[in-house]
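The next block holds one structure in the form of structure tokens; read it before the comments.
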Amino acid sequence: MNRNLLLLTGANGRTGRAILKAMVDQQLPVRAFIRDSRQAEELEQLGASECVSGDMTDPGSIAAAMKGVSKVLHIGPPMHPEELPITQSFIKAARTEGVDHFIYYSVMHPLRRDVRHHRLKLDAEEALIESGLPYTILQPSRYMQHLVPIWKNVTEDGVHAMPFDVTKKFNVVDLNDLAAACAVVASSDDHLYATYELAGPEALSQEDMAATISDVIGREVTAQAVPLDKVAEKARAAGADADRIEQMLVMNKHYDEYGFRGNPNILQYLIGRPACHFRAYVTQLASTP
Ligand SMILES: NC(=O)c1ccc[n+]([C@@H]2O[C@H](COP(=O)([O-])OP(=O)(O)OC[C@H]3O[C@@H](n4cnc5c(N)ncnc54)[C@H](OP(=O)(O)O)[C@@H]3O)[C@@H](O)[C@H]2O)c1
């Protein structure tokens, strides 16, 4: 076993790539678990020490990927109905391999059971805690990066449109801060048996966000709540399957009602500096060509 090699799952995704970069910055050797071997070249360019391809729903490919690693950071595919059996397969393979640190990338407030993927992550947390493996559970809030796909509309039409009540507050967080926190957690044993809520530094409504964006880009931007039938229509047109659309609607309805507020202290403690504020994130986004 390589005493430092970490298996990173979901490595080719939005979250996985950000975490890979942060791990590489900390000089942590990473074996990237990817779905398609054609993704390997790009991930090795990003700094993955090695890549292994497999399907998360196939316990055989998980067992093979686990050979020789000492740590795992498991990121499940978003809103996947098999989140629990997938995580159980990684847990089983990690136990067989004698892995000494299993980091599970969960979500903030997994106890919001009305939202299926929160509930499934809660079940997966329970399975990990009861597995006997040394673990750390990370519970990230909603990413600031959800602004990226709508950025063109925000700047061109002056509308910040999200499927939530424009007054409900969210502690949105910069994915790069989350990635830095993951690298810190993976770098030592100091965080074993911890469950960390990772929220951004401010509670912001869509109206607050629109006002900040207006300030930064110098044109008026207004917040707009997108009706859920429009969300479904757009997702259908983009090719999302029926289950994914249903889960998105459930989540959006829940956030619309309750918002998504959390506490930023642990994130700041982990990364050793103040977490990125929304204004700084938008300033950076606005200056990216
Ligand atoms: N977005 C947020 O604000 C937020 C907040 C908290 C937590 N999270 C959690 O973060 C996690 C990752 O989200 P993300 O937005 O980074 O997702 P993503 O960009 O869709 O990435 C998911 C990755 O998983 C891979 N994958 C999917 N199914 C697979 C399978 N059966 N076998 C092997 N690989 C598979 C995908 O492979 P391909 O590249 O081949 O498609 C992709 O690389 C989710 O669990 C989500 O709940 C997200």
Would you list, by chain and number, the aspartates and glutamates whose Cα falls below 17 Å from the Cα of Lys234, excluding same-chain residues fewer than 8 positions away?
Asp243, Glu246
What is the projected area of the convex hull of the Cα atoms of the range 159-264, averaged over all directions, in nm²?
8.8
Given just the C-alpha atoms of the range 20-64, how large is their convex hull per residue in cubic angstrom?
65
Work out Dmax and Rg for the range 135-206 from the C-alpha atoms and quote the Rg first, both in angstrom.
15.4, 49
Compute the separation of the alpha-carbon centres of the range 1-48 and the range 195-209 and state it in Å as a whole number.
27
If I histogram all Cα-Cα distances within the chain using bins 5 Å wide from 0, what percent of pairs lands in each bin?
1, 6, 12, 16, 18, 17, 14, 10, 5, 2, 1, 0
With 10 Å bins from zero, work out the P(r) of the range 1-98 over every alpha carbon pair and list the percent per bin.
17, 54, 28, 1
What is the Å³ per residue value for the convex hull set by the Cα atoms of the range 1-41?
73
Gained length - Arg244 relative to Ser287, 0.36 nm times residue gap less alpha-carbon distance:
12.2 nm
Please give the peptides 166-178, 110-122 ranked by average Cβ packing (other Cβ atoms within 10 Å per residue), highest first, as a rough proxy for protection.
166-178, 110-122
Using alpha carbon positions and the Kirkwood radius, the Rg to Rh ratio of the range 84-204 is 1.05
Per residue, the convex hull enclosing the Cα atoms of the range 63-106 spans a volume in Å³ of 62
Evaluate the relative contact order of the chain (contact order divided by residue number), counting alpha-carbon pairs under 8 angstrom at least 6 apart; express in whole percent.
17
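Bear in mind these aren't lab numbers, they're just calculated from the coordinates by the rules spelled out. Everything quoted here is computed from the prediction, not taken from an experiment. Note: ideal-geometry Cβ built from the backbone for every residue, glycine included; neighbour counts use all protein chains shown.
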